[in-house]
Amino acid sequence: MIHPLSEGSFTIDKSKVFVPFDDRKDDLQNRAAGSLLVEVQPFVVVTSEDVLLIDTGLGFETNGTLQLHQNL
């Protein structure tokens, strides 16, 4: 089985900083000119013998925990 996971939506401009975007409170029109709206979505593949994480996403929180672990 393949399970999509989500680390959320982000806007990225020329600074290459991922800024969290919440469509319930943020306005697409207020993003920096030239920025992109992206969804970070890694996958977990479960086989009869293994659990594989494909695309580890954004990496670690400041406390050293993988951001992805919060969404498993």
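The values are calculated or read from the model by the stated rules, or taken from the named source; none is laboratory data. The model shown is predicted, which means the values in this text are computed figures rather than measured ones. Heads up, the Cβs are rebuilt from the backbone with ideal geometry, glycines too, and the neighbour counts pull from every protein chain shown.
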- Checked the stretch 9-49 for anything assigned to a loop (DSSP other than H, G, I, E, B), aliphatic (A, V, I, L, M) and over 19 Å from PHE60 (Cα atoms); matches are ALA32, ALA33
- When GLN29 is evaluated against the numbered criteria (1) at pLDDT 85 or above; (2) under 20 Å from ILE2 (Cα atoms), which criterion, by number, is the only one it fails? (2)
- Note on the structure: Residues of the stretch 4-26 being at pLDDT below 85 and in contact with a helix residue (DSSP H, G or I) (Cβ under 8 Å, 6 or more places away or on another chain), in sequence order, are GLU7
- Task: Return yes when VAL51 is free of Cβ contacts under 8 Å to residues at least 60 places away in the same chain and under 17 Å from the mean Cα position of the chain (by Cα) and no when it is not.
- Result: no
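Restricting attention to the stretch 45-69, and to residues there that are within 22 Å of PRO20 (Cβ to Cβ) and of a type in the set (A, V, I, L, M), which single residue is modelled with the highest pLDDT? Quick ask: steps written out before the conclusion?
Keep residues of the stretch 45-69 that are within 22 Å of PRO20 (Cβ to Cβ), which gives 53, 55-69.
Okay, now just the ones that are also of a type in the set (A, V, I, L, M), so 53, 58, 66, 68.
Working: LEU53: 88, LEU58: 72, LEU66: 71, LEU68: 64.
Among those that are within 22 Å of PRO20 (Cβ to Cβ) and of a type in the set (A, V, I, L, M), it is LEU53.
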